[in-house]
Amino acid sequence: MVCPHCGKKTESLIIKRYRYKESGLDNVYLKNSAILHRCVCGQKYMEIPQIERLHDAIAYRLLNKKTIWRGQEFRFLRKWVSLTAEELGRVLGHVRRGTISRWENDKIPITPATHHQMLLLVLRLKEEAINERMSLEIAIKEILEKVAEKAKTPASITITPDTIRSLPFPALKGGR
């Protein structure tokens with residue numbers, strides 16, 4: 001990496017255990033995946049690769065949690081699905097922004113009913129986003145318009161590790 005401050009090349013160091021406070025959660029640690037860049041000019045820069053997939057992984061863990069979320073976990077999920085407090089309040093049935101703020105700051109407890117309602121909302125919104133992204137990636141309409149009746153010889157399909165890593169949808173549980 002080149003230092004944006006002075007333009008010189010930085011020294012890079014993989015951090016063995018990094019507390020990822022930038023997520024808004026106080027209990028997330030990254031193992032061997034955060035990179036510290038140091039420059040001779042004294043500047044330091046932290047790099048977190050694949051941040052969107054990292055947030056997907058954090059959300060996955062939260063959605064599988066067996067207890068009611070803490071306020072910061074509730075806020076993380078709200079932001080993960082790109083809802084403002086006002087939008088979430090409307091979706092949850094005219095809940096005031098102040099109530100959401102008190103949930104997110106642990107001033108009042110999140111009830112089991114609210115937890116379940118938020119869980120279902122998050123799953124529905126992410127399912128819609130995955131389906132939309134897959135439709136865009138695959139471009140169904142174009143494929144259907146270009147399909148020939150039958151090819152004389154089957155086209156070769158080459159799969160690389162990058163092909164698998166860049167799939168626009170998550171793997172299904174159970175290997176199906």
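The values are calculated or read from the model by the stated rules, or taken from the named source; none is laboratory data. This is a predicted model, so every value here is computed, not measured. Note that each Cβ is placed from the backbone with ideal geometry, even for glycine, and that neighbours are counted across all protein chains shown. Areas reflect the complete protein model, heavy atoms only, side chains present, ligands, DNA and RNA absent. Shrake-Rupley method; radii C 1.70, N 1.55, O 1.52, S 1.80 Å.
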Is there a residue being over 20 Å from residue 126 (Cα atoms), out of contact with any helix residue (DSSP H, G or I) (no Cβ under 7 Å at 6 or more places or on another chain), surrounded by fewer than 16 Cβ atoms within 10 Å (Cβ to Cβ) and at pLDDT below 95 anywhere in region 49-57?
yes
Where in region 30-134 are there helices (runs of 4 or more DSSP H), lying wholly inside it, with at least 1 residues that are closer than 22 Å to residue 168 by Cα?
51-63, 71-80
Quick check on my filter: what residues within region 25-48 are closer than 24 Å to residue 104 by Cα and open to solvent by 40 Å² or more (accessible area, probe 1.4 Å)?
26, 27, 29
